[in-house]
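The values are calculated or read from the model by the stated rules, or taken from the named source; none is laboratory data. Nothing here was measured: the structure is a model prediction, and the numbers come from that model. Backbone-built Cβ (ideal geometry, glycine too); neighbour counts: all protein chains shown. The area values use the complete protein model at the heavy-atom level, side chains included, leaving out ligands, DNA and RNA. Shrake-Rupley method; radii C 1.70, N 1.55, O 1.52, S 1.80 Å.
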Amino acid sequence: APLHSYLKICAAGLKTFPVTPDYSNVVLPEKPKLKFLNKVPNLKQAKKEKKKLRDIQGPAMTSNTFTCGQYAIVAMGGGYLHWGHIEMIRLTINRKIDPHTTFARWRISAPYKPITRKGLGQRMGGGKGAIDHYVTPVRSGRLIVELGGKVELGEIEHVLIQVAKKLPFPAKVMSRESLEEMHRKQKEMEENNQNPWTFKQIAQGNMMGIRKVLSPFDLRNHGRFAGKFHFPGRV
């Protein structure tokens with residue numbers, strides 16, 4: 001009897017720990033840190049451009065899926081990244097990750113779109129202003145930076161959240177599984193929609209002559225985007 005009670009006390013203190021992830025198939029690249037991106041593109045002659053707001057409107061068609069990493073910062077709206085934002089991302093991540101276990105990769109290009117500006121105190125007219133700086137346009141759903149290696153999300157999530165809060169558009173930290181889950185929920189929401197009057201049916205049927213006030217952008221995205229803003233709950 002005393003031995004039996006002693007065994008019970010010993011068993012009560014045992015804990016069950018989760019199985020350690022297997023990183024045997026993870027291969028770290030030769031240069032694991034984020035590389036420096038140029039502030040100005042290397043062009044023979046710089047040309048001015050129009051605003052072209054379509055560069056930040058609608059969903060991203062490129063760089064919207066994972067390639068080699070496991071975690072990423074995903075843009076949830078459109079906007080422009082300045083060189084200062086890119087340097088903030090590079091310095092914050094490179095200083096706080098362990099290059100022996102973690103690597104990071106850019107999913108955006110260096111600033112290439114020129115933004116013009118006139119000096120203070122100038123009168124109206126006189127043509128378009130001179131090029132002031134360059135930016136990188138980003139659409140909703142695009143991956144900004146991708147991380148991977150022999151690391152779990154809990155170890156680097158605080159670093160990615162710190163970076164995402166400083167971006168000029170809403171951004172979210174996601175893993176491969178969470179991104180697939182978000183796409184699956186959106187698809188399931190569209191398939192199980194109980195409302196027969198969806199934006200797509202109303203627009204295609206031209207109910208109440210709504211096509212007069214809709215743009216090709218609205219017809220293409222079925223009302224899920226308003227300029228650079230994304231409405232995830234709309235079907």
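Points worth noting:
- Electrostatic dipole magnitude of the chain [Cβ: Lys, Arg +1; Asp, Glu -1; Cα centre; debye, to 20]: 1520
- Against the main long axis of the alpha-carbon atoms of the chain, helix 153-165 sits at an angle near 20°.
- Candidates Trp197, Trp83, Trp106: whichever shows maximal mean-square fluctuation once the chain is modelled as a Gaussian network with Cα springs under 10 Å: Trp197
- Candidates Met174, Met76, Met61: whichever shows maximal mean-square fluctuation once the chain is modelled as a Gaussian network with Cα springs under 10 Å: Met61
- The overall shape of the chain, judged from the alpha-carbon gyration tensor, is oblate: a/c is not under 1.5, and a/b is no greater than b/c.
- Set Lys96/Lys228; Lys35/Lys113; Lys39/Lys113; Lys52/Lys165 screened for pairs whose C-alpha atoms are more than 22 Å apart: Lys96/Lys228; Lys52/Lys165
- In degrees, nearest ten, helix 83-96 long axis to first principal axis of the chain (Cα): 10
- Solvent-accessible area of Phe199 with every protein chain in place, 1.4 Å probe, in Å² to the nearest 10: 60
- Acute angle (nearest 10 degrees) that the helix 176-191 long axis makes with the longest principal axis of the chain, alpha-carbon atoms: 60
- When the chain is treated as a GNM with alpha-carbon contacts under 10 Å, the residue of Pro18, Pro41, Pro59 showing the greatest mean-square fluctuation is Pro18.
- The label-point distance for Thr16 and Lys187, in a model that sets each label 7 Å from Cα toward Cβ, rounds to 3.3 nm.
- Using heavy atoms of the protein chains and a probe of 1.4 Å, the accessible area assigned to Tyr80 is about 50 Å².
- Using a simple spin-label model with pseudo-atoms 7 Å out from Cα toward Cβ, Lys51 and Met208 lie 2.8 nm apart.
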